[in-house]
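Here is the structure we will look at, set down as structure tokens.
The values are calculated or read from the model by the stated rules, or taken from the named source; none is laboratory data. All values derive from a computational prediction rather than experimental measurement. Cβ placement follows ideal geometry from the backbone for every residue including glycine, while neighbour counts extend to all protein chains displayed. What goes into the accessible areas is simple: the full protein's heavy atoms, side chains included, and nothing from ligands, DNA or RNA. Shrake-Rupley method; radii C 1.70, N 1.55, O 1.52, S 1.80 Å.
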Amino acid sequence: MEKKATNKVISCCLENETTYEKIKDIVNAVVNEKEIKRKIQEEEDNKKYGINLRPSDRVEIKDIKFFSTVPRYIENKRYFVLNGNKFITYLFVRAVAKDMIFENVDFSKAYFENSYLRDCRFIRCNFEGAKFTGSNLTGSYFENCTFDYVTFEKTFVDDEIFECAPSKDNLRYKFARSLKLNYASIGDYIKASKAVTIELEATKSHLKDSWLSGEEWYRMKYGGIEKRLVQFWKWFKVSLLDFLWGNGESLWRLVRFNILIFVALTIYHVIEKKENIAPKILDIFFVKIPANYFDIEILDSSGKNYFEYYPSWLSLLLVITRLICFGLLMSIIIKKYNRR
């Protein structure tokens, strides 16, 4: 209809028989026809799918194998290349690909169910909004790929995929969390721990930016003093727990926290005793203070408690701290060995 209208306008102009009103009428006819078709289609969709709903045009393909006749050799290994294909909103069920190179391929919003994509190379591919369920990507390599809003469920995938993690912190920690749950579901807790580390780092950075950053996106979502204070409190709690024991993932950080306590107690001891204890400072730091911290009584030369000068509040605080640290230690041990 558009071509007919255009041709008619040109013809009229050439014959010098047209006016502005005639052109306007022709254009209005084309516009009205488009609007009528749109309304008819909208009414049909409303009857079939519901109000303001329409089909997503998802293409479901089962039991297929990707193939190509374009070879490429990498490290003396032959691959076959797919370049520039678009598989947007596709649903692949039991898809198979091996020794393939997917280059500049758009898999956005695609679903892979029970698929086998081993030893493939994905280069500059777009997986935005994609989902992998019960699939095998072992040995596959990802380079400069987009993984925004991707989810993984019971999928075998190498941890090199973290190199393609989204750059934005709010997307990065969601990406890592999805992989954490995925690795835990298949029993690979070493990779799950790596995912936890990335998730915590991205979470801390995101929470910090949410109350401190002046970027437009954060100002729009967390504008106002009240929201900023809420985000600050969330960031403070996560940062504190991460410092104390790595949010349950780091035994070394718990040990480090106790060493800092010993340092503080040593400084307190030097200030309170006010005597030359330089020759025995190592004995105090490495033996006496740790022994007292773990409730082992240390006596001085006269038979009295070596730390009797501690005020009651400090002794109570050390008992509470010791119990909390012991609980955190047991939590880490149980978490680590419960995964085996």
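As a rough guide to protection, the peptides 202-210, 308-316 ranked by mean Cβ packing within 10 Å, highest first, stand as 202-210, 308-316.
If I take every Cα pair under 8 Å that is 6 or more residues apart in the chain, average their sequence separation and divide by the length, what percent do I get for the relative contact order?
On the way: 490 pairs, mean separation 22.1, N = 340.
Here the relative contact order equals 7 percent.
Compared with the dominant principal axis of the Cα atoms in the chain, helix 20-49 is inclined by about 60°.
Could you give log10 I(q)/I(0) at q = 0.19, 0.21, 0.23 Å⁻¹ for the range 154-213, computed by the Debye formula over C-alpha point scatterers of equal weight, without solvent? Listed by q, the Debye log ratios stand at -0.62, -0.72, -0.83. For helix 2-14, report the angle its Cα long axis makes with the longest principal axis of the Cα atoms of the chain; keep it between 0 and 90° and round to the nearest 10°. Helix 2-14 and the main axis of the chain meet at about 50 degrees. About its Cα centre, the dipole of the chain is roughly 460 debye, where the only charges are +1 on Lys and Arg Cβ and -1 on Asp and Glu Cβ.
Solvent exposure of the chain amounts to 63 Å² per residue of accessible area, where only protein heavy atoms count and the probe is 1.4 Å.
Counting only lysines at least 8 places from Lys280 when in the same chain, those with an alpha carbon closer than 17 Å to its own are Lys288.
Residue pairs exceeding 28 angstrom between C-alpha atoms, taken from Lys109/Lys174; Lys109/Lys336; Lys98/Lys154; Lys131/Lys168; Lys168/Lys335; Lys168/Lys194: Lys109/Lys336; Lys168/Lys335.
Measuring between alpha carbons in the structure, the pairs from Lys39/Lys221; Lys191/Lys221; Lys37/Lys221; Lys34/Lys86 lying more than 30 angstrom apart are Lys39/Lys221; Lys191/Lys221; Lys37/Lys221. When the Cα gyration tensor is reduced to axis lengths a ≥ b ≥ c, the ratio a/c is 1.5 or higher for the range 90-247, and with a/b above b/c it is classed as prolate.
Mind pulling the angle between the C-alpha long axis of helix 312-338 and the longest principal axis of the chain? Nearest 10 degrees, somewhere in 0 to 90. With both axes taken from Cα atoms, the answer is about 50 degrees. Specify whether the C-alpha gyration tensor of the chain places it in the rounded, prolate or oblate class, a ≥ b ≥ c being the square roots of the eigenvalues: rounded for a/c under 1.5, otherwise prolate if a/b is larger than b/c and oblate if not. Verdict is prolate for the chain.
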